[in-house]
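Q: Take this structure, written in structure tokens, and hold onto it; I'll ask about it next.
The values are calculated or read from the model by the stated rules, or taken from the named source; none is laboratory data. For clarity, every value in this text was computed on a predicted model and none was experimentally measured. Note that each Cβ is placed from the backbone with ideal geometry, even for glycine, and that neighbours are counted across all protein chains shown.
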Amino acid sequence: MKYVMEQLKKDSRISDYRINIHGKESYELFFVKGKLETLRRTDTWDKEVTVYVNHGDYKGEAQFFIYPSTTEAQINSYIEEAVQKALLIQNKNFELPAGEQGTFAVDSGFARGEVSDHAAAIHQAVFAALTAEDTALNSVEIFLNKHIRSVENSRGLKKEQVSYDAMVEAIPTYNGKEQSVELYLQHNFGNPDPEDITAKIAQGLKEVSDRYIATKPETIPTCKVILQEQELAQLCWSIARGLNFATVFSGRNLFRKGDAIQKDPTGDKLTITMRGAIPGSIRSAAFDADGVALKEQTIVSEGVVSNYYGSNRYGQYLGETPTGDLPCLQINPGSAKDGELKEGKWLSVVSMSGLQVDFYKDYIGGEVRLAYYHDGEKTLPVTGVSISGKLSQVLSQIRLSEKTTVYNGYQGPEQAILQGMQVF
């Protein structure tokens, strides 16, 4: 990158530049029907250059990528092309962050010990879940990743951070008398936890066997709907995205500071805090792509919008202090105990085609692929149903579990009780 920086510095048309580098060292294992077929190590690097050009009252920008095969002549061509593109972009002017330097590490158990030992422990944890008859893991892929991310700009900012994560991809299979059923399972985690891995795989195996016997009921009486962490995270992120500086600046936000997201709440009041890092989260970071140090920000307090959050550029546009583009979201636990979640009649949603959340249409719902319906006496796996509700009503009555979990960039209640949902 030395040649690139020399060319950027001596081009008088370029007002500023930023260079982002992402290196990933990966240790990968591929199993077919329980047998290790391939063990592979990879080492990849992505290098992105952003060119900024001030013209009149505007600051334009354009990006290009550098590869190991990129020649000096190509670099010169990319720079010229980026400058010309940036001259066509009419963004409001803003200042890049300046001067900060440092090296950071996101805390992870994967940073300690040998990667091969961690891989062996994950392998054992995955296959320890195979205890039920007629179930199998036809395909398992294990990835352990070390990420090295750096950012440097023309204003003297220079930062680097190291983080780790792992992923298990598996195809749980149930071999029935009439047919076989397969599901896709992906489990991401930032800390080694063999017990949790075994539990997640065992849950996937149970779900695929239940999918085999699941039926579409003729009718389901009105009952409470229970969401798991994946859909609950989707709901909360839909709120958070609406309070990002970029969304607010563009006028696409429905809620502003002081607005009640939960009107006349009778359930648990939502408190949402955006964070840079959460223990165990695969998205934890010390700084964002601009190099801005990530600063925790509570954006919803007791159901009311309290703050916005976001990047350096849009923070300046709004006259707000940039928090950085925060990658993690934390929800305070609720008041629902395990016993209360399972009282009465309920439909516990396990898998959906995707939760749909639309604040403008006041809608929440989606197609359910697998759920468990409890009629007050027995619990049956069901499929082929859909759920639908009025979002404002659902939010005002939502109950959150006391028990919390970490799911990708989300930390919060494991489950939520939704009232007023139609099941059909």
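Q: So if I check each of L294, L270, which one is in contact with a Gly (Cβ under 7 Å, 6 or more places away or on another chain), under 19 Å from L326 (Cα atoms) and free of Cβ contacts under 8 Å to residues at least 40 places away in the same chain?
A: One residue alone meets the criteria, L294.
Q: Of all residues in segment 232-262, which are surrounded by 21 or more Cβ atoms within 10 Å (Cβ to Cβ) and either of a type in the set (D, E, K, R) or assigned to a loop (DSSP other than H, G, I, E, B) (or both)?
A: L243, I261, listed by residue number.
Q: Another question, then. Criterion first (among the hydroxyl-bearing types (S, T, Y), in contact (Cβ under 8 Å) with a residue 24 or more places away in the chain, in a helix (DSSP H, G or I) and surrounded by 16 or more Cβ atoms within 10 Å (Cβ to Cβ)) does S396 satisfy it?
A: yes
Q: Additional query: What strands (runs of 3 or more DSSP E) completely inside segment 1-97 contain at least 3 residues that are acidic (D, E) and either touching a residue at least 40 places away in the same chain (Cβ under 8 Å) or more than 30 Å from L294 (Cβ to Cβ) (or both)?
A: 16-32
Q: Can you give me the ranges of the strands (runs of 3 or more DSSP E) entirely in segment 303-389 with at least 3 residues that are crowded, with 20+ Cβ neighbours inside 10 Å, acidic (D, E) and touching a Ser or Thr at 6+ places or on another chain (Cβ under 8 Å)?
A: Correct list: empty, since no element meets the threshold.
Listed here are the residues, each with its yes/no results for (1) under 27 Å from the mean Cα position of the chain (by Cα); (2) in the same structural domain as S154 (by TED's automatic domain parsing); (3) within 30 Å of I171 (Cα to Cα).
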{"residue": "E6", "(1), (2), (3)": "no, yes, no"}
{"residue": "K9", "(1), (2), (3)": "no, yes, no"}
{"residue": "I21", "(1), (2), (3)": "yes, yes, no"}
{"residue": "L29", "(1), (2), (3)": "yes, yes, yes"}
{"residue": "L36", "(1), (2), (3)": "no, yes, yes"}
{"residue": "T44", "(1), (2), (3)": "yes, yes, yes"}
{"residue": "A73", "(1), (2), (3)": "no, yes, no"}
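Q: Please go through segment 266-283 and give me each residue that is crowded, with 17+ Cβ neighbours inside 10 Å and of a type outside the set (G, A, S), ordered by number.
A: D268, K269, L270, T271, I272, T273, M274, R275, I278, I282, R283
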